[in-house]
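Visitor: Before anything else, here's the structure in question.
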Amino acid sequence: MSLESELANARAERIEIIGVTKSFTTDRGTVVALDNVSLKVAEGEFLCLVGPSGCGKSTLLNIIAGLDEPTSGRALAAGQPIQGPGRDRMVMFQEHALFPWLDVTGNVMFGLRLKTGLSNKERREVAEYYLQLVGLEKFGRANIHELSGGMKQRVALARALAPNPSVLLMDEPFAALDALTREQLYGDIQRIWEARRKTIIFVTHNVREAACLGDRVLLFSPNPGRIQAEFHISLPRPRDINSVELARHSTEITAALKGFTSTAGRQASE
Amino acid sequence: MIRAISSIAFFVVLLLSWEAASRSGLYSPVLLPSPLNVLEYLWQSALDGTLWSATLVTMQRLLAGYGIGLLFGIPLGLLTARSRIMQDTLGLLALGIQTLPSVCWVPLALLWFGQTEAAMLFVVVMGTLWSVLIATSDGVRAMPPIYLRAARTMGSTGLHTWFNVILPASLPYLVGGMKQGWAFAWRSLMAAEIFVTILTGFGLGQLLQYGRELLAMDQVVAVMTIIIVIGLLADRILFSPWERFFHRRWGTGSVK
Ligand SMILES: Nc1ncnc2c1ncn2[C@@H]1O[C@H](COP(=O)(O)OP(=O)(O)O)[C@@H](O)[C@H]1O
Ligand SMILES: [Mg+2]
């Protein structure tokens, strides 16, 4: 495999979730994290999943990542059943999950080292390319603890992009960051998505964030986890999180979110 | 700089008052040798080779036992952390045995192995094994599970995960345990050498004990000095580099 072919964009994949139910049984009883959820994500689509915490967003992402199996139903990537994790679907977690015993380049190269057919020099060049893409080319030798929260998530993004996946799964990657850093990253993620054209599934509980990033936003409701509503966001990119049109979309989504959280509240009090 | 000066000044004053005390004639020179006598003994025994051969014998015992302790302690610790049944059996046993001061192995070792090298080895292994096992297992269990999930998504499985994720993630604990194991092994070996005369080799502990029997206080103090120096050197050579590495990479001191 050559460096060019390694750096060429992998074909974005489509993801299909067909009637997936996932329940967890613990000492305290059974939780239905996902109840008969079906959805399709097109090749190269940027899909956002929003909803209050506990509505099964992470569970769904884990199933697509192959880290977890559905209790029933089917999950397909590029038409094939998902059986375990694969480098075609990389994950970015809420906590950065970077390895503190490796420096920045070492972290970005972790997945690349497991790829055969590349020389170490090529791996290093690939890592450098992605560090440059996230604006951290000067920090290759830095230790993880020396980076700010935003920089850590950039490294995590570079690490997820480095094996050239077709699908990028992001689980509230910016939730722990301050507002200013987040706004910068919204710009970056849109730029990178334009450049690398992945299918992205992005989980958040921030409605505005979802409206800013997604082609489409799916609203989840908890107990049991279900898809409640779907919104198409057809604003031009790059989008500004503070723009008025975006605010209209996020108001609409927030209204829908309030709708079912207040009915749930009323049901509970009855 | 000021700190270095105050350290040096402290030790100079200490040595001078020691010398003064031994010259004052208040104490029997048998009980309080002068520092010069101690130095002279060190010089003599270095020249005639007694000191080197005793140090060599002791270090051989220590390194062999320590090596065996690590060889079994680390893998068993990894297994103990990752398997429920191992944790409820071996883990529990290790936790109990670890509370036993390692010197307490000496009588048992003597009964089992007699006055042999095997007894020495056994004592050192027991000193090392359990603390390394427990530290390894603690280190693995303290690892955030998200590391494993992240590694899996990047295609790491099986042995690759063990060597490239689990082991390095628990390294600060592991080195903490190795350091403790070293200290236990070193102390118990000295105790064993003092208690046990075996003809296959005279270690530092035996040299110390002969000093007592010969009422050669200069020898006793000299050997004690050597034992301290070895302890300090081991810390500097074996463990400090690791701790500096952790400090730089993790941004912490060693975890323990
Ligand atoms: N491993 C697990 N064991 C037991 N319950 C779980 C587990 N993972 C998730 N759950 C439960 O499933 C529900 C959905 O969780 P999650 O997918 O993490 O929600 P979200 O990411 O939307 O906040 C929650 O009620 C949670 O407590
Ligand atoms: Mg979650």
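The values are calculated or read from the model by the stated rules, or taken from the named source; none is laboratory data. Quick caveat: nothing in here was measured; it's all calculated off a predicted structure. Reconstructed Cβ throughout: ideal geometry from the backbone, glycine too, with neighbour counts over all protein chains shown. For the accessible areas, the whole protein counts, side chains as well, though only heavy atoms, and no ligand, DNA or RNA atoms are used. Shrake-Rupley method; radii C 1.70, N 1.55, O 1.52, S 1.80 Å.
Visitor: Among the candidates A:64, A:18, which residue alone is open to solvent by less than 30 Å² (accessible area, probe 1.4 Å), at pLDDT 95 or above and touching a strand residue (DSSP E or B) at 6+ places or on another chain (Cβ under 9 Å)?
Guide: A:64
Visitor: Determine, yes or no, whether residue A:91 is in contact with a helix residue (DSSP H, G or I) (Cβ under 6 Å, 6 or more places away or on another chain), within 13 Å of ligand 2 (Cβ to nearest atom) and open to solvent by 10 Å² or more (accessible area, probe 1.4 Å).
Guide: Yes, satisfied.
Visitor: Shifting gears a bit: How about region A:58-71: which of its residues are away from every other protein chain (no Cβ under 14 Å) and either farther than 18 Å from residue A:25 by Cβ or within 12 Å of ligand 1 (Cβ to nearest atom) (or both)?
Guide: Hits for region A:58-71 are A:60, A:71.
Visitor: Next question, about the same structure. Of the residues that sit in region B:147-171 and are at the interface with chain A (Cβ under 7 Å from one of its Cβ atoms) and part of a loop (DSSP other than H, G, I, E, B), which one is surrounded by the fewest Cβ atoms within 10 Å (Cβ to Cβ)?
Guide: B:155
Visitor: Right, next: What do you reckon, is residue A:55 assigned to a strand (DSSP E or B), surrounded by 23 or more Cβ atoms within 10 Å (Cβ to Cβ) and within 16 Å of ligand 1 (Cβ to nearest atom)?
Guide: Answer is no for this residue.
Visitor: Take residue A:108 and tell me if it is of a type in the set (A, V, I, L, M, F, W, C) and either surrounded by fewer than 20 Cβ atoms within 10 Å (Cβ to Cβ) or within 16 Å of ligand 2 (Cβ to nearest atom) (or both).
Guide: When the stated conditions are applied, residue A:108 does not pass them.
Visitor: Still on this structure: Looking only at residues in region A:77-103 that are among the aliphatic types (A, V, I, L, M) and at the interface with chain B (Cβ under 10 Å from one of its Cβ atoms), which one is farthest from the chain's Cα centre (by Cα)?
Guide: Top of the filtered list is A:102.
Visitor: Go through region B:22-52 residue by residue and tally those that are of a type outside the set (Phe, Trp, Tyr), open to solvent by less than 60 Å² (accessible area, probe 1.4 Å) and under 28 Å from the mean Cα position of the chain (by Cα).
Guide: Of the residues in region B:22-52, 8 are of a type outside the set (Phe, Trp, Tyr), open to solvent by less than 60 Å² (accessible area, probe 1.4 Å) and under 28 Å from the mean Cα position of the chain (by Cα).
Visitor: So, in region B:111-146, exactly how many residues are open to solvent by 50 Å² or more (accessible area, probe 1.4 Å), in a helix (DSSP H, G or I) and among the hydrophobic types (A, V, I, L, M, F, W, C)?
Guide: Final tally of qualifying residues: 4.
For (1) modelled with pLDDT of 90 or more; (2) within 14 Å of another protein chain (Cβ to nearest Cβ); (3) open to solvent by 40 Å² or more (accessible area, probe 1.4 Å); (4) more than 12 Å from the chain's Cα centre (by Cα), each residue gets a yes or a no:
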position	(1), (2), (3), (4)
B:219	yes, no, no, yes
B:222	yes, no, no, yes
B:225	yes, no, yes, yes
B:229	yes, no, yes, yes
B:233	yes, no, yes, no
B:239	yes, no, no, no
B:250	no, yes, yes, yes
B:256	no, no, yes, yes
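Visitor: Evaluate region A:65-79: report whether one residue or more is closer than 24 Å to residue A:212 by Cβ and assigned by TED's automatic domain parsing to the domain that holds residue A:205.
Guide: yes
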